[in-house]
Amino acid sequence: MSLKYEFSELRTSVQAGLARRKAQSGQQAEYERADQSATNLWSYQLMLFLLVMIAGAGLLLPFDGDLSRLAVSVQWLPVEILKSLTNLVLAAPYVALFTVIIAVCLVRRHRLRGQEGYGLKIPELLQNYNRLGTIAGQSLFGISAILGAGLIVNILKYFVGRPRPFLIDSAGPFGFKPFDFSHAYVSFPSGHACTAAVLATLLALWFPRYRFFAYAGLALIASSRVFVQAHYPSDVVTGFAIGTVTTLILARFLAQSGLLFRLGEGQLFPELKNIISRRIKLQGA
C-alpha cells in the first residue's frame, strides 16, 4: 500500500513537472514571437521621420538658391566658427578610428586568453573579455553604418548630378548633369550631412541620455555645409535623413538577429545588449 502511494505521488509530481515545462515552453515561445514582432526593420516612427524629412527637403527646394546666397553673405562669428568645424564630419577618420579600436580590442582579448586562470573562467577576466568583444562589435557596426549610408549617398549623387552652390550663377540650383562624375556636380545629397547623422545616431544608441544633444550638435555641424557653399539646404536635409534611417535600420536588423542590441515593442531606438562604457581593467597590463 505504501509502495502504491509513493508511485502515485511520483506520477503526480512528474505530470505536474511536465505541465509546468509545457506552460513555460509556451510562454517562452510567446515571448519569442513578441520579440520577433517588436524587432521589425521598419516602423511607423521611421516612416513618419522619413516623410517629415522628405517634406522638409521638398519645401526648401524652391528656396535653395536664395538661402544659399543668404548663407554666403552672413558675416557672424558663430557662423565662422561653424565653418571651421565643417570637416569634423568627414567619414574617413571615423572609419580609421573604429578600425583601430577593433584591432586593439582583438589584441587585448588575445592577451586575456593567455592569462593564467582564464580557463577557470575568473569572473573579472571573463567580463572584460566579453566587454572587449562588445566594443569591437559596436565599432564594426559603426563602420558598416558609415560605409552603408555613404554608398547610398554616393550612388544618388551620380544619378542626380546636381551642381554645387558655387556654380549658382552659371548653372543655377537645378542645372542637373547626371553621371557627370565631377566634383562640381555631386551636390545632392550631402555626404558630410549623412556622416553627421550616422555619428549622431551612433551616439544616440550608445548614450541614450545625451540623444538630443548628439542630434542637435551634429545637425548644426551638418548645416555648415550650406555656409561653405558646398551644398544647398535640401541637400543637407536629405543627407541627414539617409544617415539616420540607414543606421537605425541596421541597428534594428542586428536586434532582430539577436546581436549587439535588443528592441522592445514600439521602440524606435534599440537598446544595448551589453555594457560598453564601464572601464576595462586588464590584469598584468
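The values are calculated or read from the model by the stated rules, or taken from the named source; none is laboratory data. In this text the structure is predicted, and so the values were computed from the model without any measurement. Cβ placement follows ideal geometry from the backbone for every residue including glycine, while neighbour counts extend to all protein chains displayed. Keep in mind that these areas ignore ligands, DNA and RNA; they rest on the heavy atoms of the full protein, side chains included. Shrake-Rupley method; radii C 1.70, N 1.55, O 1.52, S 1.80 Å.
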Give all pairs with beta carbons closer than 8 Å in which a residue from region 81-97 that is part of a helix (DSSP H, G or I) meets a residue that is among the polar types (S, T, N, Q); count only pairs at least 6 apart in sequence or on separate chains.
L82/S223; L82/S224; K83/S224; T86/S224; V89/T195; A91/T195; Y94/T195
Matching residues in region 218-265 - criterion: being over 15 Å from the mean Cα position of the chain (by Cα) and either acidic (D, E) or farther than 30 Å from K83 by Cβ (or both):
D235, S257, G258, G264, E265
Can you spot a residue in region 158-168 that is buried (at least 16 other Cβ atoms within 10 Å of the Cβ), out of contact with any Phe, Trp or Tyr (no Cβ under 6 Å at 6 or more places or on another chain) and among the small types (G, A, S)?
no
Quick one: in region 95-116, of everything that is open to solvent by 60 Å² or more (accessible area, probe 1.4 Å) and touching a helix residue (DSSP H, G or I) at 6+ places or on another chain (Cβ under 8 Å), which residue is nearest to G142 (Cα to Cα)?
T99
Given the condition in a helix (DSSP H, G or I) and more than 23 Å from L272 (Cα to Cα), answer yes or no: does some residue in region 143-150 qualify?
yes
If I go through region 47-74 residue by residue, how many of them are under 22 Å from the mean Cα position of the chain (by Cα) and acidic (D, E)?
0
Which listed residue is touching a residue at least 40 places away in the same chain (Cβ under 8 Å), under 18 Å from L50 (Cβ atoms) and touching a Pro at 6+ places or on another chain (Cβ under 9 Å), from A251, A200, A193, A149
A251
